[in-house]
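Enquirer: Got a structure here, written out as structure tokens. Questions coming.
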Amino acid sequence: MIPFTKAHACGNDFLIITEDAAQGYDKAELAQRLCERNTSIGADGIAFFEWTGEANNSGGRIRLYNTDGSVAEISGNGTRCVAAWMAEELNAQAGDELSIETDAGVRICAIDDFRDSDNGGPTVLVTTDMDVPEYEETTVELADGTVIEGVFVDMGNPHFVILLDTPESEGFSIEGRPWEEVGEEICFHPDFPEQTNVEFVRMLGSRAEPLNQVALRIYERGVGPTTSSGTGTSAAGTAMIAVYGAVSPLEVAAPGGVQTVEWNGPGEHLYLTGPAMLICRGEAW
């Protein structure tokens, strides 16, 4: 039996399994099997965790596997879920910092607050130092010849961010095509040999006012459409602040909830704040 904890950050859900518990298993196969929503536990991915003993035992390392068995360099929401789990394991207090090593480098998670949840399960508000984003304006040509302007953002993993300037009545569609369909095509586009996450962003409020709120839809590499993404929110915030005139702090609303991006511009570290909830513990075959 494999002990696990399930957690979610704005609906983006993960299983947390220690490396010791996963010893002897093929992690890719395990992720595909346990993340299946109809025949197993269900999740967007698995964070395999081990304590590193750094920073007075407040340090750990994770390797993240997507639901399709592929490895993700980092997940902002997954890292935050692990921080919430670590906080409970360590009986952490507001103001404590946790160090989490990922395949994209170390991320420092500051515990801001502990909150009761209407749905049960402890909820932790976390601010994560997401490191320094890199970005570049670029275009992608779809198979039908449509050219999509966007911003490629490196958050330790790849993102292609698209700002929609069509009427709100058209939702998040592009040229009459559902965003999910366009997102899938861009994700697997030859321009991105290792695939890419895709974000669709719509401004909220009057453009005459300071732009500090946007809405987001996410097509996640290795998963598909998701309710939220920490790195996707960070990438969208980067593109909006650097290229499209948004201001920091920027509220980014995805279907699963709102996260806040604070970033002072190129060369500076970006900080992402949002909740994470521990849902349940159990054992899997």
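Every number in this text was worked out from the coordinates using simple rules, so none of it is lab data. The structure presented is a predicted model; accordingly, all values stated were derived computationally and were not measured. Positions of Cβ are backbone-derived with ideal geometry, glycine not excepted, and every protein chain shown enters the neighbour counts.
Enquirer: Rank Val140, Ala84, Pro225 by how far each Cα sits towards the positive end of the charge dipole of the chain (+1 on Lys, Arg Cβ; -1 on Asp, Glu Cβ) and give me just the farthest.
Expert: Projecting each Cα onto the dipole axis, the largest value belongs to Ala84.
Enquirer: Report the residues of the range 1-23 in range of a label on Glu50: point 7 Å along Cα→C-beta, backbone N strictly under 16 Å from it.
Expert: Only 17-23 pass the distance filter.
Enquirer: Would you please report the Å³ per residue occupied by the convex hull of the alpha carbon atoms in the range 190-283?
Expert: 139 Å³
Enquirer: For the range 1-130, build the charge dipole from Cβ charges (+1 Lys, Arg; -1 Asp, Glu) around the Cα centre, then report which of His8, Gly60, Ser99 sits farthest towards its positive end.
Expert: Highest projection toward the positive end goes to His8.
Enquirer: Give, rounded to the nearest 20 debye, the magnitude of the charge dipole that the chain has about its Cα centre when Lys and Arg contribute +1 at Cβ and Asp and Glu contribute -1 at Cβ.
Expert: Roughly 660 debye for the chain.
Enquirer: For all pairs of alpha-carbon atoms in the range 134-268, what percent lies in each bin of width 10 Å, listed from the first bin to the last filled one?
Expert: All Cα pairs, binned at 10 Å, distribute as 13, 48, 33, 5 percent.
Enquirer: Residue separation times 0.36 nm, minus the C-alpha to C-alpha distance between Gln213 and Phe188: what's the value? Walk me through the numbers before you get to the answer.
Expert: Values: separation 25, 0.36 × 25 = 9.00 nm, distance 2.92 nm.
Length difference between fully extended and current span is 6.1 nm.
Enquirer: Determine, for Lys27, Lys6, the number of other Cβ atoms within 10 Å of each Cβ, and report the residues in order from fewest to most.
Expert: Least to most surrounded, the residues fall as Lys27, Lys6.
Enquirer: Once both labels are modelled 7 Å past Cα along the beta-carbon direction, what's the Thr138-Asn91 spacing in nm?
Expert: Distance between the two pseudo-spin positions: 4.9 nm.
Enquirer: Here's a follow-up. Measure off 7 Å from each Cα along the Cα-to-Cβ vector at Glu251 and Arg177, then give the distance between these two points in nanometres to one decimal.
Expert: 3.3 nm
Enquirer: For the range 119-176, how big is Rg over Rh, using alpha carbon atoms and the Kirkwood form of Rh? Can you show the working numbers first?
Expert: On the way: Rg = 16.8 Å, Rh = 14.7 Å.
Here the Rg-to-Rh quotient is 1.14.
Enquirer: Right, something else. Taking 22 Å as R0, compute the FRET efficiency from the Cβ-Cβ separation of Ser169 and Leu204 and round it to 0.05. Present the calculation step by step, with values, prior to reporting the outcome.
Expert: On the way: r = 15 Å, r/R0 = 0.67.
According to the calculation, E is roughly 0.90.
Enquirer: Checking a compactness column here: for the range 17-117, what do you get for Rg(Cα) / (2.2 N^0.38 Å), N being the number of residues? Please report the intermediate quantities before stating the final value.
Expert: On the way: Rg = 14.0 Å, N = 101, 2.2 N^0.38 = 12.7 Å.
Dividing the Cα radius of gyration by 2.2 N^0.38 Å gives 1.10.
Enquirer: When only alpha-carbon atoms are used, what values of Rg and Dmax, in angstrom, describe the range 139-211?
Expert: Cα-based Rg and Dmax for the range 139-211 come out at 13.0, 39 Å.
Enquirer: Write down the Kirkwood hydrodynamic radius of the range 23-79, to one decimal in angstroms, obtained as one divided by the mean of 1/r over all alpha carbon pairs.
Expert: By the Kirkwood definition, the hydrodynamic radius is 12.1 Å.
Enquirer: Would you mind estimating how fast the chain diffuses translationally, via Stokes-Einstein at 4 °C and 1.567 mPa s with the Kirkwood radius over Cα pairs, in µm²/s?
Expert: Result for D is 68 µm²/s.
Enquirer: Among Tyr135, Tyr219, which comes first, then next, by fewest other beta-carbon atoms within 10 Å?
Expert: Working: Tyr135 19, Tyr219 25.
Ranking Tyr135, Tyr219 by Cβ neighbours within 10 Å, fewest first, gives Tyr135, Tyr219.
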